[in-house]
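S.K.: Pasting a structure here, questions to come.
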Amino acid sequence: MEKQYKSKIRLRMSSQDAHYGGNLVDGAKMLAYFGDVATELLIQWDGDEGLFRSYDNVDFLAPVYAGDYIEVEGEITKIGNSSRKMKFVAKKVIVPRPDISDSACDVLDQPIVVCEGTGTCIVPKEKQRK
């Protein structure tokens, strides 16, 4: 497999993801997805899951609700000896339309950026296989 600098996942927020009133999803859920994308990138790059060391910056930019489809993208921006700097973005791409019916949804013409972040992951030299 060729080494990858980018990864993407798409998921639907469920009612179990809603943490606050009005079916609002906790922002920490986006950080968990950033971690999932980072893990995939490290596996593709190094052949090891590595560890998330730190976030440099996280901005929560729009609310996420149960029923929303979220697309999460990550990219390796800098390669060190054992560190991998990454940037992440989570976008809302589909929204439910309960005003029409209980199963109606719309694909958004323009995705809404709900969260952005940057961080550093580590893969110790002895665990790097690629």
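S.K.: Cβ under 9 Å from Gly47's Cβ, Gly47 left aside: what net charge do those residues give with Lys, Arg +1 and Asp, Glu -1?
M.R.: So the environment of Gly47 carries a net charge of +1.
S.K.: Using Cα atoms only, what is the angle between the long axis of helix 28-46 and the major principal axis of the chain, expressed in degrees (0 to 90) to the nearest 10?
M.R.: The angle comes out at about 40 degrees.
S.K.: For Cα pairs less than 8 Å apart in space and 6+ apart in sequence, what is the mean separation divided by the residue count of the range 6-127, i.e. the relative contact order in percent?
M.R.: 30 percent.
S.K.: Which of these, Asp102, Asp17, Asp68, has the largest mean-square fluctuation under a Gaussian network model of the chain (Cα springs below 10 Å)?
M.R.: So, out of Asp102, Asp17, Asp68, the one fluctuating most is Asp102.
S.K.: Further, regarding this structure: I want to verify a result. In a Gaussian network model of the chain, Cα cutoff 10 Å, which of these has the top mean-square fluctuation: Ile43, Ile100, Ile76?
M.R.: Of the options given, Ile100 has the highest mean-square fluctuation.
S.K.: Starting from the amide H of Asp26, placed 1.01 Å from N in the peptide plane, find each other amide H under 5 Å away whose residue is 5 or more places distant or on another chain.
M.R.: Under 5 Å from the amide H of Asp26 lie the amide H atoms of His19, Tyr20, each far enough along the sequence or on another chain.
S.K.: Let me ask something else. Which whole-Hz couplings ³J(HN,Hα) result when phi for each residue of the range 55-72 is put into the Karplus expression 6.51 cos²θ - 1.76 cosθ + 1.60, θ = phi - 60°, listed in order with x for Gly and Pro?
M.R.: 9, 8, 7, 9, 10, 8, 10, 7, x, 10, 10, 3, x, 5, 9, 10, 10, 10
S.K.: To continue, here is another question. So what's the Cα pair-distance distribution over the range 6-127, bin width 5 Å, in %?
M.R.: Going from the shortest bin to the longest, the percentages are 2, 12, 21, 20, 16, 12, 8, 5, 3, 1, 0, 0.
None of the figures in this text is laboratory data; all of them are computed from the coordinates on show. Treat the numbers as computed from the prediction; the structure is a model and nothing was measured. Here Cβ is always computed from backbone atoms with ideal geometry, including for glycine, and neighbour counts include all displayed protein chains.
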